[in-house]
């Protein structure tokens, strides 16, 4: 574990214990990674109506209000940030398209690994619905997809958060990709 990882984990623990100064010190240390996560999300979204800083701010506000979260470490924090950004984007998408069904739809493109031809695009709410179905079938697989696709976490980082081996993450990732591909083709 690097010094930065340890320091972020310590700040998370202090913040969880009620130290607001720890939160003030934490934000500058995690901002660049939150920015990277937000950019990953927004690059997939072809017609987004939210800016990178807005997404970071909204996710930050929700994370700060998450009093019931037992912050385990840096990786856990970023996996929660990825989940939160996913929720923000889905809510934003649904809000913007509530009265515009069929017009100006937001499309996301899966990475090459999700699709044999790289031209496949899906709607954000379609992906979210598929992930909710997957969550009912296998919550760990849905969690892995969220952390990998929305959070850009590595197999090792996901394994750490889920307390499983990286081989288990890779196996579940492969199964989840196949399931999602089939689900999204329907």
Exercise. Out of curiosity, is residue 137 surrounded by fewer than 18 Cβ atoms within 10 Å (Cβ to Cβ), at pLDDT 80 or above, under 23 Å from residue 180 (Cβ atoms) and over 12 Å from the mean Cα position of the chain (by Cα)?
Worked result: yes
Seminar exercise, completed: Of those in the range 13-28 that are under 22 Å from residue 88 (Cα atoms) and in contact (Cβ under 8 Å) with a residue 24 or more places away in the chain, the residue nearest to the chain's Cα centre (by Cα) is 27
For this session: Give 150, 110 a once-over and let me know the one that is within 28 Å of residue 10 (Cα to Cα), under 15 Å from the mean Cα position of the chain (by Cα) and modelled with pLDDT under 90.
Result: 150
Exercise. Condition test on residue 153, is it touching a strand residue (DSSP E or B) at 6+ places or on another chain (Cβ under 6 Å) and touching a residue at least 24 places away in the same chain (Cβ under 8 Å)?
Worked result: no
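Given the condition at negative phi, touching a strand residue (DSSP E or B) at 6+ places or on another chain (Cβ under 8 Å), modelled with pLDDT under 85 and assigned to a loop (DSSP other than H, G, I, E, B), answer yes or no: does some residue in the range 49-58 qualify?
Within the range 49-58, none of the residues are at negative phi, touching a strand residue (DSSP E or B) at 6+ places or on another chain (Cβ under 8 Å), modelled with pLDDT under 85 and assigned to a loop (DSSP other than H, G, I, E, B).
The values are calculated or read from the model by the stated rules, or taken from the named source; none is laboratory data. Values in this document were obtained by computation on a predicted structure and should not be read as measured data. Note that we place each Cβ from the backbone using ideal geometry, even for glycine, and neighbour counts take in every protein chain shown.
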